Amino acid sequence: MCELLVSVITPCYNSSSTIEKTLQCIENQTYKNIEYIIIDGGSTDNTLKIIERHKDRLPQKLKVVSEPDNGIYDAMNKGVRLAKGALIGIVNSDDWYEPDTVEQAVKHYGGNQYEVIYGMQRNILRKKEKTTFIHYHDFLPEQMITHPTCFVTKDAYRDFGVFDTKYRSAADYDLMLRFYESKKVVFTPVMRVMSNFRMGGMSGSQTGVRENAAIRYQRGYMSKKRYWFVMFKSHVYEWLHRKNRHKERC
């Protein structure tokens with residue numbers, strides 16, 4: 001019996017300081033039938049040289065594309081279109097999987113045409129760690145599941161669409177809500193850490209907060225009053241963060 005082929009996509013751009021750990025996590029997977037797709041946005045640092053150094057240790061089914069793109073979600077979409085696997089995972093160039101992540105995804109896959117397998121995520125900020133998990137996907141209208149842990153069937157992408165590139169930070173939330181609202185996609189939780197996620201800066205996170213709020217408001221999951229409160233609070237947080245950074249530099 002043939003093992004299930006799993007595609008893993010890594011979008012990257014000038015990621016020389018972090019991508020080595022990402023490549024190593026793919027090399028060390030306990031599950032071996034992996035197609036690995038790297039979508040590089042035309043890096044000008046040593047990213048491509050690092051990838052070249054690792055080629056002999058990465059899965060034989062390896063595709064590397066290096067060309068300009070229109071941001072991370074455009075890169076993810078390119079990878080999804082190239083993917084041949086029944087399941088597709090995405091690990092960014094500054095994050096990494098646990099050694100048994102792909103094995104756990106395959107183990108818990110229920111064989112449904114439309115399915116999302118997702119697990120626990122270890123968030124890392126300034127060497128501090130915190131594990132997050134949303135057990136019930138019915139929380140999706142209120143809060144995003146841990147997208148970096150997700151493995152999605154190729155058919156789900158084909159029939160319900162890919163990432164909407166108009167978003168800077170929340171296209172993954174928009175996509176998961178489309179899956180949820182279809183009422184055809186099965187969400188399968190895995191009670192294990194599957195991804196390690198480096199937390200970004202305040203500016204990027206607040207962009208995501210505002211985009212998530214807009215998505216929820218437009219879909220009727222958030223009241224107008226609550227929406228404007230979230231938007232106001234987010235802008236205040238961002239302003240205070242910039243002010244504090246300015247003080248630190250002075």
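The values are calculated or read from the model by the stated rules, or taken from the named source; none is laboratory data. None of the values given here were measured: they were computed from a predicted structure. Don't worry about glycine lacking a Cβ; one is built from the backbone with ideal geometry, like all the others, and counts go over all protein chains shown.
Structure notes:
- Criterion applied to 230, 162 was being more than 30 Å from residue 102 (Cβ to Cβ) and of a type outside the set (S, T, N, Q), and the one residue passing it is 230.
- Selection within segment 156-169: residues that are in contact with a Ser or Thr (Cβ under 8 Å, 6 or more places away or on another chain) and over 20 Å from residue 113 (Cα atoms). The member of this set that is surrounded by the most Cβ atoms within 10 Å (Cβ to Cβ) is 169.
- For segment 224-244, the candidate set comprises residues that are closer than 14 Å to residue 205 by Cβ and charged (D, E, K, R); within that set, the residue that is modelled with the lowest pLDDT is 242.
- Spans of strands (runs of 3 or more DSSP E) in segment 17-116 with at least 1 residues over 30 Å from residue 180 (Cβ atoms) and acidic (Asp, Glu): 34-40
- Residue 37 being touching a Gly at 6+ places or on another chain (Cβ under 6 Å) and buried (at least 16 other Cβ atoms within 10 Å of the Cβ): yes
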